[in-house]
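Worksheet: the structure to be examined is printed underneath.
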Amino acid sequence: MKTKLYTLITGSSEGFGKALAIECAKRKMNLILVSLPNSGLSQLTESIIQNYKVDVVPIEKDLSMEENCVSLFKEVEQMNLSVNMLINNVGLGSTMFFKEGTIDFYQKQVKLNVMVTTLLSSLFLDMLKANTPSHILNVSSLSCFFYLAKKQVYGATKSYVYSFSKSLRAELKADNINVSVICPGGMNTNPTTISTNQSNHWLARQSIMNPEEVATIAIKGLLNQNEMIIPGFMNKLFLLIDKLLPAFVIKMIANSHVNKFKSYNTGNRNHELLLNRSH
Ligand SMILES: NC(=O)c1ccc[n+]([C@@H]2O[C@H](COP(=O)([O-])OP(=O)(O)OC[C@H]3O[C@@H](n4cnc5c(N)ncnc54)[C@H](OP(=O)(O)O)[C@@H]3O)[C@@H](O)[C@H]2O)c1
């Protein structure tokens, strides 16, 4: 009998993760969806099963705790589910001066963006090897290419994801495991991000995309085994301009308007904007 295969998506109750889940379901892929407890995962599960007739297994875990990454893997094993696609989407975003963030927030951001991506890739590696051809999609950000004010920790975590993905891809090619990395620009995923996106300067606002259109590009790029996926014409143009213009001009453009950006982080459930504590 043919083994039933599953795509595991972290941070899938909302935003880009939810859009990825729906895109995969449209392509008849069975899903394991992982998000925080009480995040509406069961309602999303029911709606996907009803609309797309695929298997969906919801697992509620706070992945910022290392032991929960391990218990997630053990639960998947105990349920005899075979994963052939791992989508490391969960992540905490932020746009704020370094002094505005707390140590607790930065720790959680590094854990979710860096450690969870690394740990889950490691934990699921043997399972992916057993279910080839298989895929890992890591979610980085366009900000990993630009050294932007107010994006110091976030941008650095996404540079890690980018670099990790490229090296891992070179290593796992021989095992028939494809590793792709997607670097989206701004996406209108949640109220906080939408509000910050609107406060961006004109040029940056032109590149904002909806998570649904990015998800379609992401899964297409992943299945085509693209090394790097840059969604949207404007985001591709930004990267080209970055290569063509002198570095000091890029810095001037990228960091102009920095004081006008609203400070925010997506570290709390209600997506409250941070009050500018320091000024
Ligand atoms: N939005 C953008 O403009 C943008 C641009 C480039 C890259 N990205 C990247 O895209 C990814 C998704 O971003 P997004 O904007 O869609 O984020 P989002 O709207 O905040 O959604 C994040 C998802 O992760 C879940 N989650 C949060 N903390 C978790 C934890 N500790 N354990 C398990 N699940 C957790 C959330 O569950 P709850 O609903 O329970 O909170 C939610 O389902 C991130 O890696 C982000 O860095 C986003």
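The values are calculated or read from the model by the stated rules, or taken from the named source; none is laboratory data. A quick note: this is a predicted structure, and the numbers were derived from the prediction, not measured. Neighbour counts run over all protein chains shown; Cβ positions are idealised from the backbone, glycine included. SASA here: full protein model, heavy atoms, side chains in, ligands and nucleic acids out. Shrake-Rupley method; radii C 1.70, N 1.55, O 1.52, S 1.80 Å.
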Problem set entry | 5 Å-binned pair-distance histogram of region 20-169 (Cα, whole percent) | 2, 9, 17, 19, 20, 16, 10, 5, 2, 0
For this session: Given the peptides 145-153, 88-96, 211-219, 35-43, arrange them by the average over their residues of other C-beta atoms within 10 Å, most packed first.
Result: 88-96, 211-219, 145-153, 35-43
For this session: Kindly flag which residue pairs out of Lys4/Lys26; Lys26/Lys173; Lys61/Lys129 have an alpha-carbon separation exceeding 19 Å in this structure.
Result: Lys26/Lys173; Lys61/Lys129
Exercise. For the chain, rounded, prolate or oblate, judged on the Cα gyration tensor with a ≥ b ≥ c (square roots of eigenvalues), a/c < 1.5 rounded, else prolate if a/b > b/c?
Worked result: prolate
For this session: For a label point 7 Å from the Cα of Asn190 along Cα→C-beta, name the residues of region 1-21 whose backbone N is under 12 Å from it.
Result: 11-18
Exercise. Quick one: accessible area per residue over region 5-265, 1.4 Å probe, rounded to a whole number of Å²?
Worked result: 45 Å²
Exercise. So what's the back-of-envelope 222 nm ellipticity for the chain, counting only DSSP H runs of four-plus at -39500 (n - 2.57) apiece and dividing by all residues, rounded to 500?
Worked result: -13500 deg cm²/dmol
For this session: For region 1-83, calculate the relative contact order in percent as a whole number, restricting contacts to Cα pairs under 8 Å that are 6 or more residues apart.
Result: 30 percent
Exercise. For the chain, what's the relative contact order in percent, using C-alpha pairs closer than 8 Å and at least 6 residues apart?
Worked result: 18 percent
Exercise. So for region 83-223, Kirkwood radius off the Cα pairs, Stokes-Einstein at 37 °C and 0.692 mPa s: how many µm² s⁻¹?
Worked result: 206 µm²/s
Problem set entry | Packing-based order for 108-117, 243-252, 63-72, using average beta carbon neighbours within 10 Å, highest first | 108-117, 63-72, 243-252
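Return the ratio Rg/(2.2 N^0.38 Å) for region 47-108, where Rg is computed over Cα atoms only.
Normalised Rg, Cα atoms only: 1.56.
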Seminar exercise, completed: The helix 233-244 Cα axis meets the longest alpha-carbon principal axis of the chain at an angle in degrees, between 0 and 90 and rounded to 10, of 60 degrees
Exercise. Gain in length, Phe233 to Tyr147, computed as 0.36 nm per residue apart minus the alpha-carbon separation, to one decimal in nm?
Worked result: 28.9 nm
Exercise. How large, in percent, is the carbon and sulfur part of the accessible surface of the chain at a probe radius of 1.4 Å?
Worked result: 56 percent
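Out of the DSSP beta bridges found with both residues in the chain, what percent are antiparallel (nearest 5)?
Close to 10 percent.
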Exercise. Based on the alpha-carbon gyration tensor of region 1-87 and its eigenvalue square roots a ≥ b ≥ c, which shape applies: rounded if a/c is under 1.5, prolate if not and a/b is larger than b/c, or oblate?
Worked result: oblate
For this session: Provide the gained length on full extension for the span Ser199 to Ser122, in nm with one decimal, where the gain is 0.36 nm per separating residue minus the Cα-Cα distance.
Result: 23.9 nm
Exercise. Taking Cα atoms, how many degrees apart are the long axis of helix 15-26 and the longest axis of the chain, rounded to 10 and kept between 0 and 90?
Worked result: 40 degrees
Problem set entry | Tilt relative to the chain, helix 211-223 - C-alpha long axis, 0 to 90 degrees, to 10 | 60 degrees
